[in-house]
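**Q** One structure follows; several queries about it will come next.
The values are calculated or read from the model by the stated rules, or taken from the named source; none is laboratory data. Computed from a predicted model, the values in this text were never measured in an experiment. Don't worry about glycine lacking a Cβ; one is built from the backbone with ideal geometry, like all the others, and counts go over all protein chains shown.
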Number of protein chains: 2
Amino acid sequence: MQEGFTEDELRLTTMDLWFEEKLEPPVGTTFRVLVNRTIERFRSEYQEIAVLETEKLGKMLILDGVIMLSEFDEFAYHEMIIHVPLLTHPNPKKVLVIGGGDGGSIREIVKHKEVEEVHLCEIDRAVVEVSKRHLPTLSSGFSDPRVKIFYEDGAKFVKNKKGEYDVIIVDSTDPVGAAVVLFEEPFYRDMYEALKPDGIIVSQCESIYYHQDLIKRMLSFISNIFELTGYYYSLVPTYPSGTIGFAFCSKKYNPLKDLDEKRYYKLGKLKYYNPQIHKTSFCLPAFIRELLPPDLLKINNDLIV
Amino acid sequence: MQEGFTEDELRLTTMDLWFEEKLEPPVGTTFRVLVNRTIERFRSEYQEIAVLETEKLGKMLILDGVIMLSEFDEFAYHEMIIHVPLLTHPNPKKVLVIGGGDGGSIREIVKHKEVEEVHLCEIDRAVVEVSKRHLPTLSSGFSDPRVKIFYEDGAKFVKNKKGEYDVIIVDSTDPVGAAVVLFEEPFYRDMYEALKPDGIIVSQCESIYYHQDLIKRMLSFISNIFELTGYYYSLVPTYPSGTIGFAFCSKKYNPLKDLDEKRYYKLGKLKYYNPQIHKTSFCLPAFIRELLPPDLLKINNDLIV
């Protein structure tokens, strides 16, 4: 890590201000980030929200002491949680995002011309507002006329929906507090009903290194509900362990067989996703394949290289 | 990060002892690890060496304040730096490791029955000795009769070798101090001469997120020396950014075309590597493909999925 410093950056060393991530319960490692200034910090109805300007990672959004995103690498998360399902579904007209109040997922969804309606269901209005104020590169998609925001509890929101969405994205925080229900079976059964008969769900599903019990438990019940399930990952340095994964839950379409590459070329320039990463991100290290029985990973089993 | 804690672990909270990684110059982020005790800490002729027993990552080897490895995830690094070249070469009889005094690379090499001779060239005898004392799961391969250790400067060592090795592994520290020469063109020209006419080199080549200038510079001169070059990566949470990459330099064999899968099944159980990861780890995110001209990544261009 020797490169990329200007003289100015190396001069700003009189005072060090560090943000240290607070994970509960502590896991024996933490991540510290050098901070220039606190842009905003307050308590909303649901959580403590902070936007920090860091020395090297751009702005950072922190919820209850946990890093939600940094401008440095959020593209690797948002491009992968969105374009993998949206380029697998042949005609995603109506898309729901649960969580994702920062807007990063919405920004990627509105790049798809086929999408006619996007619903965002975020419990905390303050997250959307803080993103609009300070994270314009993330919140840019909110102004798209196809986007409608609901400030509601995601688990309750999907209970009332039947056969409505082509794709649902669960862009949630870690399974702590209010987000716990988003990692449980009843929520997935409700989402199954909220999908059209050929719908797809992709969910934030933590790290293959640090959350193996959670991943195994979730894929076990998901694979009992959905016709096809799988797990894929992205490389995101500011998340614990540097990698984050996604559960892919599908009634019909298979991301390894049904990728519509032609539509990829209409999305404009992306920073992480490409059609090869789409497929190879389903290739998992031996230890996680050993942990998860093959029938939980029907999709991954179809990867041929 | 909610899981995996026993009552005992949660009880040991009266005193916190943290190791914080020291990277020079500072990059604006650091990694902290909860430590139970210092097993050993001393200054050798070349560097400060420490072995720490951590709370959650097993033992950790630290050189000059920088994490060399943790027992938790070293397999992801060592399996990938070794098995990718050794299963690409059809008959690797004589292998050289430069650096790698912890023994992890040697442990993986001696799993290959075809290998007749392994040379380890490590500048600092103290690293080998400390690994033998405290890291038996890493140093186990040193007792294999095919292994011979040379305590010499790696750059000087290869200067005197001509057409001798099938595979050379550069298992080095970061490009700081004595290791700087291991990231320079003259060293690669000397290694080219030290290889047999169909030889392969794989080198530790840092992170696609944090060391883009270094990766571009190295692949540029490597691709002027070697017939085929490429870049692949592994997921290693305790390294900065959570990912570390490798330069693949080859006179003849292509890891995407010449993988000998039959020999993989004779290696015994591995934790990270499998034949699919072998190939898909050459699939890189869009931002790094954009940074590196296609002729630097002739190997990666052959990936078809």
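**Q** Please enumerate the residues belonging to region B:74-128 that are among the β-branched types (V, I, T) and more than 25 Å from B:S281 (Cα to Cα).
**A** B:V118, B:I123, B:V127, B:V128
**Q** List the residue pairs whose Cβ atoms are under 9 Å apart, where the first residue sits in region B:196-207 and is not assigned by TED's automatic domain parsing to the domain that holds B:K161, the second is buried (at least 24 other Cβ atoms within 10 Å of the Cβ) and at pLDDT below 95, and the two are 6 or more positions apart or on different chains.
**A** Qualifying pairs under 9 Å: none.
**Q** Looking only at region B:161-183, count every residue that is farther than 19 Å from B:I62 by Cα and in contact with a helix residue (DSSP H, G or I) (Cβ under 8 Å, 6 or more places away or on another chain) and tell me the total.
**A** Number of matching residues: 11.
**Q** Any residue in region B:235-242 that is without any contact (Cβ under 8 Å) to a residue 12 or more places away in the chain, in a helix (DSSP H, G or I) and crowded, with 23+ Cβ neighbours inside 10 Å?
**A** yes
**Q** In region B:126-153, which residue that is in contact (Cβ under 8 Å) with a residue 60 or more places away in the chain and under 15 Å from B:A50 (Cα atoms) is surrounded by the fewest Cβ atoms within 10 Å (Cβ to Cβ)?
**A** Within region B:126-153, the match that is surrounded by the fewest Cβ atoms within 10 Å (Cβ to Cβ) is B:R133.
**Q** Right, another one. Among the residues of region B:20-63, which ones are among the small types (G, A, S) and either more than 7 Å from every other protein chain (Cβ to nearest Cβ) or touching a residue at least 12 places away in the same chain (Cβ under 8 Å) (or both)?
**A** B:S44, B:A50, B:G58
**Q** Sticking with this one: Hydrophobic (A, V, I, L, M, F, W, C) and under 14 Å from B:E108 (Cβ atoms): which single residue out of B:I81, B:I67, B:I62 fits that description?
**A** B:I81
**Q** Here are some conditions: (1) touching a residue at least 60 places away in the same chain (Cβ under 8 Å); (2) crowded, with 17+ Cβ neighbours inside 10 Å; (3) not assigned by TED's automatic domain parsing to the domain that holds A:A155. A:I81 meets all but one. Which one does it not meet?
**A** (3)
**Q** Evaluate the following for A:P255: is it away from every other protein chain (no Cβ under 11 Å), more than 16 Å from the chain's Cα centre (by Cα) and free of Cβ contacts under 8 Å to residues at least 24 places away in the same chain?
**A** Taking the combined requirement at face value, the residue does not satisfy it.
**Q** Taking the stated definitions as given, is A:A178 farther than 26 Å from A:E79 by Cβ and among the small types (G, A, S)?
**A** yes
**Q** Which condition from (1) in contact with a strand residue (DSSP E or B) (Cβ under 6 Å, 6 or more places away or on another chain); (2) closer than 23 Å to B:L270 by Cβ is the one that A:C205 breaks?
**A** Every condition holds for A:C205 apart from (2).
**Q** Scan region A:258-292 for residues that are away from chain B (no Cβ under 12 Å), free of Cβ contacts under 8 Å to residues at least 60 places away in the same chain and part of a loop (DSSP other than H, G, I, E, B) and jot them down.
**A** Of everything in region A:258-292, just one residue is away from chain B (no Cβ under 12 Å), free of Cβ contacts under 8 Å to residues at least 60 places away in the same chain and part of a loop (DSSP other than H, G, I, E, B), namely A:Y265.
Condition check ((1) over 14 Å from the mean Cα position of the chain (by Cα); (2) assigned to a helix (DSSP H, G or I); (3) of a type in the set (G, A, S); (4) more than 30 Å from A:R263 (Cα to Cα)) across all residues:
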{"position": "A:R32", "(1), (2), (3), (4)": "yes, no, no, yes"}
{"position": "A:N36", "(1), (2), (3), (4)": "yes, no, no, yes"}
{"position": "A:I39", "(1), (2), (3), (4)": "yes, no, no, yes"}
{"position": "A:F42", "(1), (2), (3), (4)": "yes, no, no, yes"}
{"position": "A:K56", "(1), (2), (3), (4)": "yes, no, no, yes"}
{"position": "A:I67", "(1), (2), (3), (4)": "no, no, no, yes"}
{"position": "A:L87", "(1), (2), (3), (4)": "yes, yes, no, no"}
{"position": "A:R107", "(1), (2), (3), (4)": "no, yes, no, no"}
{"position": "A:K111", "(1), (2), (3), (4)": "yes, no, no, no"}
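**Q** Test each condition in (1) within 9 Å of chain A (Cβ to nearest Cβ); (2) among the aliphatic types (A, V, I, L, M); (3) over 20 Å from the mean Cα position of the chain (by Cα) for B:I208 and report the one that comes out false.
**A** (3)
**Q** For residues that are of a type in the set (D, E) and assigned to a helix (DSSP H, G or I), tally how many sit in region B:127-167.
**A** 1
**Q** May I pose another question? Looking at (1) charged (D, E, K, R); (2) in a helix (DSSP H, G or I); (3) within 11 Å of chain B (Cβ to nearest Cβ), find the lone condition where A:D295 falls short.
**A** All conditions pass for A:D295, except number (3).
**Q** Among the residues of region A:208-229, is any within 12 Å of A:I81 (Cα to Cα) and surrounded by 22 or more Cβ atoms within 10 Å (Cβ to Cβ)?
**A** No: region A:208-229 contains no residue that is within 12 Å of A:I81 (Cα to Cα) and surrounded by 22 or more Cβ atoms within 10 Å (Cβ to Cβ).
**Q** How many residues are farther than 23 Å from A:S139 by Cβ and touching a helix residue (DSSP H, G or I) at 6+ places or on another chain (Cβ under 7 Å) when one looks only at region A:82-99?
**A** 1
**Q** Can you confirm whether B:L195 is within 12 Å of chain A (Cβ to nearest Cβ) and crowded, with 19+ Cβ neighbours inside 10 Å?
**A** So B:L195 fails the test.
**Q** Here's something else I'd like to know. I'd like to verify a number: residues in region B:95-107 that are touching an Asp or Glu at 6+ places or on another chain (Cβ under 6 Å) and closer than 20 Å to B:L267 by Cα, how many?
**A** Total satisfying the criteria: 3.
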